Structure formats: structure tokens, C-alpha cells
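Working notes for the structure below.
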Amino acid sequence: MKPAPKTFAVKSFGCQMNVYDGERMAELMTAEGMIPTADANDADLVVLNTCHIRERATEKVFSDIGRLRKHGRAPMIAVAGCVAQAEGEEIVRRAKVDVVVGPQAYHNLPRLVAEAVAGTAALDTDMPAASKFGALPARRKVGPSAFLTVQEGCDKFCTYCVVPYTRGAEVSRPFAAIVDEAKALVDAGAREITLLGQNVNAWTDGDGRGLHDLIRTLDRIPGLARIRYTTSHPNDMAQGLIDAHRDVESLMPFLHLPVQAGSDRVLKAMNRSHSRDSYLRLLDRVRAARPDIALSGDFIVGFPGETDAEFEETIRLVNEVGYAQAFSFKYSPRPGTPAADIADHIPEEVMSARLQQLQGALNRDQLAFNEASVGRTCEVLIEREGKLPGQMLGKSPWLQSVLLSGAHKIGDLISVCLTHAGPNSLTAIFNPASPTKTSC
Ligand code: SAH
Ligand code: SF4
Ligand code: F3S
């Protein structure tokens with residue numbers, strides 16, 4: 001027998017789904033009577049909620065475990081998330097952690113911890129048919145901006161990606177369960193909800209209703225001021241969702257729509273099932289519905305076989321779209337994915353040069369988007385205190401970070417005038433006199 005843990009910490013890596021899962025695990029352990037610690041080194045139980053999307057993920061988990069054992073109080077360690085799903089047995093074998101739990105099984109964490117206390121290594125990477133959500137405690141106090149997972153898993157099988165293997169097939173949560181959780185989040189303090197899914201716009205109730213129907217229903221919840229969703233796949237961008245961007249005031253003018261590459265040959269080799277042109281035409285339709293929409297994307301450089309000319313097509317696409325934000329990555333071969341078997345790997349220095357060129361273009365456009373916002377009035381949702389005394393940090397409708405001073409409280413939604421732009425944030429002044437004017 002080991003002593004039962006009394007305190008815990010959850011460290012989440014990777015995407016917003018993992019952040020959401022981490023919050024739900026923390027709620028679960030709090031409901032079990034455990035107390036969260038601010039510093040993982042002070043906890044009796046540390047949950048490492050891991051990400052497997054790019055290389056060295058597993059090695060990073062092993063070094064985190066080593067660090068915790070050296071500097072912490074030799075805590076019980078539970079490895080959760082996508083590395084747990086993909087490499088669970090290897091982790092138990094090599095690092096002798098106490099618990100390994102996959103993303104679809106974490107509602108069993110209390111039982112697994114009890115097994116570990118009793119002295120058995122506890123591993124659960126099942127993907128049960130019955131959803132974990134029903135077994136989780138109700139939402140507690142949350143900040144003004146909350147995540148809500150509505151869809152999990154992926155059936156797209158892009159040739160570079162581990163997600164279909166770590167998260168399983170596409171599954172949508174039931175309509176009523178989502179609406180109930182959204183109401184609970186608003187009761188717990190949320191003013192903005194971001195609906196999450198690996199392919200969130202593939203959400204369906206199985207009866208013909210899609211994400212836009214869900215958004216139109218959530219729009220009617222009193223107290224919920226803002227709705228966002230991420231991540232979307234271009235092929236699941238239904239006209240109804242585009243129309244919602246035109247009609248639903250609480251749906252924020254922001255769309256994260258990864259394209260990955262600008263060359264049709266590369267897109268085909270990636271199994272993206274959209275072309276450069278179909279993606280660009282889709283953006284035209286989105287912009288027609290919501291002209292001020294801020295666009296965001298994900299990009300991979302150096303996919304096996306990508307030529308200089310093909311990479312230039314990515315740059316041309318970026319120049320054409322003018323993204324407000326973006327994430328870009330070097331291709332990373334992932335074990336078990338089809339692209340990892342393609343022989344024609346791009347040398348590291350070529351990938352680095354391409355990434356630098358791409359990020360130069362993306363940063364230029366992000367700054368240009370921010371600069372074009374100066375002089376606009378908009379609402380800002382105050383999320384937290386800034387670094388300087390008296391400074392508060394909030395988000396604009398276009399997901400820009402906005403700094404301002406004044407006696408505003410976390411959770412306030414205030415009208416501001418955007419006054420200065422930097423690459424990563426804007427500054428603003430409170431604008432009580434003209435909340436409806438669009439420029440100041
Ligand atoms: N479901 C989402 C995002 C999934 S992962 C989508 O399809 O858009 C987030 C991003 O990580 C991807 O959009 C992609 O740009 C990047 N990514 C995924 N696998 C990768 C790999 N093997 N190497 C480099 N980047 C990768
Ligand atoms: Fe991965 Fe592609 Fe699925 Fe996105 S759509 S999670 S990139 S397989
Ligand atoms: Fe990473 Fe898993 Fe999310 S691999 S990006 S944590 S779905």
C-alpha cells in the first residue's frame with residue numbers, strides 16, 4: 001500500500017481539448033475530496049495530460065517525470081492524454097508510473113488512483129462506447145471564457161496526423177447534454193463559451209442538426225455574450241454555419257480554418273480532401289457572410305516531397321488570404337502514420353528556412369490586421385489582470401489580446417476604442433460615451 005494522495009496538480013500540454021480535459025479531471029479529483037496545489041512540485045499526485053502531435057512528445061513526458069521525481073515530493077504520477085493513449089504500456093514499462101489513462105477513460109481516474117494506492121499499476125486506454133461525460137461531476141466555478149467539448153475524435157486520417165489514432169473516431173455529444181453544460185458554465189461565471197472539437201464543425205445530432213443549430217440554441221441562453229468554436233475542417237463548413245456568422249450576433253467574427261499547405265499535390269498527399277481553390281472559394285463565401293471576420297490557420301512546412309515551388313504556393317496562399325493569426329509547424333514524422341513511410345524527407349535546414357519565411361509572412365499579416373483595427377470601437381471581455389499595476393487584459397471579438405487600464409473587473413464586457421497595435425496585442429481606452437459607434 002502507498003499513502004493515498006491528498007493533494008493534486010494537473011499539467012496540460014497540447015490543444016484546447018486537453019485544457020478542457022484537464023479542467024474536468026481537476027473537477028473530478030476535487031469532487032473526490034482532493035485539494036489542488038498551485039505548484040506541481042507540492043502535489044501528492046501529478047497528472048501529466050500529454051500531447052502526441054509532434055516529435056519528442058514521449059521523450060518530453062519521460063523528462064517531465066524525471067524532473068518531478070527529482071524536485072517534487074516523489075509524487076504519484078498519472079500520465080493522461082494522447083501520449084498515454086499511444087504509448088501507455090511503454091510508459092509503464094520504462095518509467096514505472098502509477099497510472100496511465102487515455103482521453104476517453106479519464107472518468108475512471110479515481111478508481112485507477114485507488115488501484116495504484118493498493119499497489120497495482122493501473123492502465124486504462126479503453127475507448128468505451130458509453131461516453132465519459134455522464135460520469136463526470138457538474139461544472140464548478142469557471143473564468144469568463146470557458147471551453148466546452150462538443151465533438152471528439154477524427155475520421156479524416158490526414159496522412160501526417162496521430163489524432164485519429166489517439167482520440168478515436170468522430171463522436172458528437174448529445175444536443176441536450178451540451179446545452180445543459182453551457183447553462184451550467186454560464187451559471188458558474190462564463191460569459192464566453194468556445195465549443196471544442198478536433199473537427200468541431202462536423203458536430204451533428206445524428207438527426208440532421210449541425211453546429212449552427214447548436215449555436216443558434218446557445219445564443220438564446222441569458223448571460224452568454226459570446227460563442228466561439230474551434231477547430232474546423234474545410235470540408236465540414238456547412239452553409240448553415242456560414243449563415244450563422246451573418247445572423248448570430250453572439251457568434252464572434254473569428255474562424256480558425258487550417259489549410260496546411262497551398263499546393264494541390266501536397267494537399268492530396270496529405271489526404272486533406274480539399275484543394276487550394278476550394279479552400280479559397282470557401283473563404284470568399286465566409287467573407288461574404290461576415291466581411292470583418294478574422295481568419296486563422298494551421299500550416300505544415302516540409303511535408304515529405306514538398307518542393308521549393310510547392311512551398312512557394314503556400315506563401316502565395318498566405319499572401320492572398322491575409323490571416324489575422326496562424327500556427328505553423330515543421331513536418332514531424334509520427335509513428336504509425338502513412339506519411340512517416342514516405343521516403344522523401346525534407347532536410348532539417350530546408351524546413352527551418354521555409355518555416356522562417358512562412359512565419360515572416362504570417363507575422364507581417366498579423367501586425368497588419370492589428371494595425372487595421374486601430375481606431376475601431378469594439379467590446380472587450382476582461383479575462384485577467386495584466387502584468388503592469390492597474391492593467392487589465394481582455395479579448396476583442398477578433399480574438400486579439402487587448403490591454404487597458406481602469407477599474408474593470410474580470411468578466412466585464414466593456415466598449416473600448418482600440419488605440420495602438422503591436423504584433424501580439426493592442427492597447428485600448430474605455431469608451432463609455434459611444435458604445436455603438438464603429439470608429440473612434
Ligand atoms: N483537427 C485539426 C487540428 C489538429 S492538430 C485540423 O485538422 O485542422 C493541430 C495542427 O497540428 C494541425 O492543423 C497541423 O497543422 C499540425 N500537425 C498535425 N500533425 C503534424 C505533424 N505530424 N507534423 C507537424 N505538424 C502537425
Ligand atoms: Fe489530424 Fe487531419 Fe483529423 Fe485534423 S482533420 S485531427 S489534421 S487527421
Ligand atoms: Fe495533442 Fe492530442 Fe490535442 S495529440 S493536439 S493533445 S488531440
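The values are calculated or read from the model by the stated rules, or taken from the named source; none is laboratory data. Everything numeric in this text was worked out from a predicted model, so none of it was measured. Note that each Cβ is placed from the backbone with ideal geometry, even for glycine, and that neighbours are counted across all protein chains shown. Ligands, DNA and RNA are excluded from the accessible area calculation, which covers all protein heavy atoms including side chains. Shrake-Rupley method; radii C 1.70, N 1.55, O 1.52, S 1.80 Å.
Note on the chain: with a GNM built from Cα contacts shorter than 10 Å, the maximum mean-square fluctuation among V19, V350, V101 falls on V350. Compactness of segment 7-124, taken as the C-alpha radius of gyration over 2.2 N^0.38 Å, stands at 0.94.
Across the chain, the relative contact order, built from alpha-carbon pairs under 8 Å that are at least six residues apart, equals 10 percent. Anisotropy class assigned to segment 356-440 is oblate, per the alpha carbon gyration tensor with a/c at or over the 1.5 cut-off and a/b no larger than b/c.
Annotation note: trypsin sites (Lys or Arg not before Pro) in segment 155-238 located in DSSP loop regions with a Cβ neighbour count of at most 11 within 10 Å are R220.
I need the shape label for the chain. Rule: rounded when a/c is under 1.5, else prolate if a/b > b/c, else oblate, with a, b, c from the alpha carbon gyration tensor. Judged from the Cα gyration tensor, the chain comes out oblate (a/c at least 1.5, b/c at or above a/b).
Report, ordered by chain and residue number, the aspartates and glutamates lying within cross-link reach of K2, taken as a straight Cα distance under 19 Å and ignoring same-chain residues fewer than 8 apart. Counting by Cα, and skipping residues close in sequence, K2 has these aspartates and glutamates nearby: E32, D42, D44, D98, E115. Dividing the summed helix terms, -39500 (n - 2.57) for each DSSP H run of n ≥ 4, by the number of residues in the chain produces a 222 nm estimate of -10500 deg cm²/dmol to the nearest 500. The share of accessible area on the chain that comes from carbon and sulfur is 53 percent, using a 1.4 angstrom probe. List the pairs from K60/K330; K60/K132; K132/K183 whose alpha-carbon separation is above 24 Å, in the order I gave them. Over 24 Å Cα-Cα: K60/K132. As a calculated quantity, the FRET efficiency between D308 and N424 at R0 = 30 Å, using C-beta atoms, amounts to about 0.50. For segment 224-266 versus segment 268-331, the spacing of their alpha-carbon centroids is 14 Å. Among V301, V117, V61, the residue with the largest mean-square fluctuation in a Gaussian network model of the chain, with springs joining Cα atoms closer than 10 Å, is V117. Largest GNM mean-square fluctuation among E115, E59, E23, using the chain with Cα springs under 10 Å: E59. On a per residue basis, the chain carries 43 Å² of accessible surface, using protein heavy atoms and a 1.4 Å probe. Taking the DSSP beta bridges with both ends in segment 130-284, the antiparallel portion is around 20 percent.
With both labels modelled 7 Å from their Cα along Cα-to-Cβ, the E385 to R281 distance reads 5.4 nm. Unpaired Cys in the chain, meaning no second Cys C-beta under 4.7 Å: C15, C51, C82, C154, C378.
Secondary structure note: in the chain, about 35% of the DSSP beta bridges are antiparallel. Once all protein chains are placed together, L362 keeps about 10 Å² accessible to a 1.4 angstrom probe.
With the simple spin-label model, which puts each label point 7 Å out from Cα in the Cβ direction, the E90 to D344 separation comes to 2.8 nm.
Taking a straight Cα-Cα cut-off under 27 Å and skipping sequence neighbours fewer than 8 places away in the same chain, the lysines within cross-link reach of K387 are K11, K141, K395, K409. Extending 7 Å from Cα along the Cβ direction at D207 and again at A177 yields two label points whose distance is 1.6 nm.
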